[in-house]
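Novice: First the structure, then my questions, so here it is.
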Amino acid sequence: MKSTISVNKEVKELLERKKKEMEIKLNRPLTWDEFFQEVFKGESVSRLTEKEAEMLKKLVLEDRKNWKAREFA
């Protein structure tokens, strides 16, 4: 799956600089995927239990109702 993200010019320049630094350190070119995999090495995606997921879903639904009420007030 391919995707793109929009970032401002300063963030893009920072990412490019950090990628270049990592390429020099590793002594090889990196794809953006490899760069981000290296940056987030050791990180894992958080998983919710069924109970936590249901609680979060309920909170989001309640907040959406409040948001709609504030929007039209």
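The values are calculated or read from the model by the stated rules, or taken from the named source; none is laboratory data. Remember, predicted model here, so these are calculated numbers, not experimental data. Quick reminder, even Gly has a Cβ in these numbers, built from the backbone with ideal geometry, and neighbours come from all protein chains shown.
Novice: So which of K19, K25, K57 is more than 23 Å from the chain's Cα centre (by Cα) and either without any contact (Cβ under 8 Å) to a residue 12 or more places away in the chain or surrounded by 10 or more Cβ atoms within 10 Å (Cβ to Cβ) (or both)?
Specialist: Answer to the check: K25.
Novice: Residue by residue through the stretch 18-72, note down the ones that are of a type in the set (S, T, N, Q) and not in a loop (DSSP other than H, G, I, E, B).
Specialist: Scanning the stretch 18-72 gives Q37, N66.
Novice: So is L14 modelled with pLDDT of 95 or more and either assigned to a loop (DSSP other than H, G, I, E, B) or surrounded by 10 or more Cβ atoms within 10 Å (Cβ to Cβ) (or both) or not?
Specialist: yes
Novice: Please go through the stretch 26-56 and pick out each residue that is within 23 Å of T4 (Cα to Cα) and at pLDDT below 90.
Specialist: E43, S44, V45, S46
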